[in-house]
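As structure tokens, the structure follows; a few thoughts come after it.
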Amino acid sequence: MYKCVHFGIKEIVSPVVYNAWGEKAWMFFEENILKDLDLIRETWQSPIIINNWATGGQLKQCGLRSNMDEICKLKSLKKELYLSFHTMGRAIDLHDALGRNQKLWQHCYILLKNNKFKSLKRIEKWESTKTSGGWVHLDSANSELNIF
């Protein structure tokens, strides 16, 4: 079983998932997505935050989410369809630890454009995230669009 070199399981799953599955939660991720995360971290050469709930931070739904996590529960209560790639372990939201999120977005876009990823295929437009401080959303959607 492949486990990320640069990220622990608590960094890539919500507390709900971790409390239910612990270290076994690695099984929910496709190996190549984990390898892509390691590639991003190695080429960025600076700390990246996905989730930081385990160290007292506010980020807890930027990796794998379950139906019991707040975003998913709210959609269900509103009777809204929710098919996020986050619920399938096929999406990740990245944050530069030093707040250089737009530069991290550019870095990931270049990796994507140059076909460096094994599984990740799409990146969310920077404009869609910047009003909330910005983050880099990547996923493995089977899509012709590599930026959405």
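The values are calculated or read from the model by the stated rules, or taken from the named source; none is laboratory data. Computed from a prediction, not measured in an experiment: that's the story for all the values here. Ideal geometry is used to build each Cβ from the backbone, glycine not excepted, and the neighbour counts take in all protein chains shown.
When ASN19, ASN32, ASN52 are screened for being surrounded by fewer than 20 Cβ atoms within 10 Å (Cβ to Cβ), under 15 Å from LEU138 (Cβ atoms) and modelled with pLDDT of 95 or more, only ASN32 passes.
Just one of the listed residues (SER128, SER76) is out of contact with any helix residue (DSSP H, G or I) (no Cβ under 9 Å at 6 or more places or on another chain) and more than 24 Å from GLU144 (Cα to Cα), namely SER76. For GLU124, the criteria (1) closer than 17 Å to HIS86 by Cβ; (2) surrounded by 18 or more Cβ atoms within 10 Å (Cβ to Cβ) hold in every case but one, which is (2).
Of the helices (runs of 4 or more DSSP H) lying entirely inside segment 1-117, those carrying at least 1 residues that are of a type in the set (Gly, Ala, Ser) and on the phi < 0 side of the Ramachandran plot are 15-21, 70-77. Among SER66, SER132, which is surrounded by 13 or more Cβ atoms within 10 Å (Cβ to Cβ) and among the small types (Gly, Ala, Ser)? SER66 is the lone residue from the list that is surrounded by 13 or more Cβ atoms within 10 Å (Cβ to Cβ) and among the small types (Gly, Ala, Ser).
For segment 1-16, the set of residues classified as surrounded by fewer than 19 Cβ atoms within 10 Å (Cβ to Cβ) and under 20 Å from ASP69 (Cα atoms) consists of GLY8, PRO15, listed by residue number.
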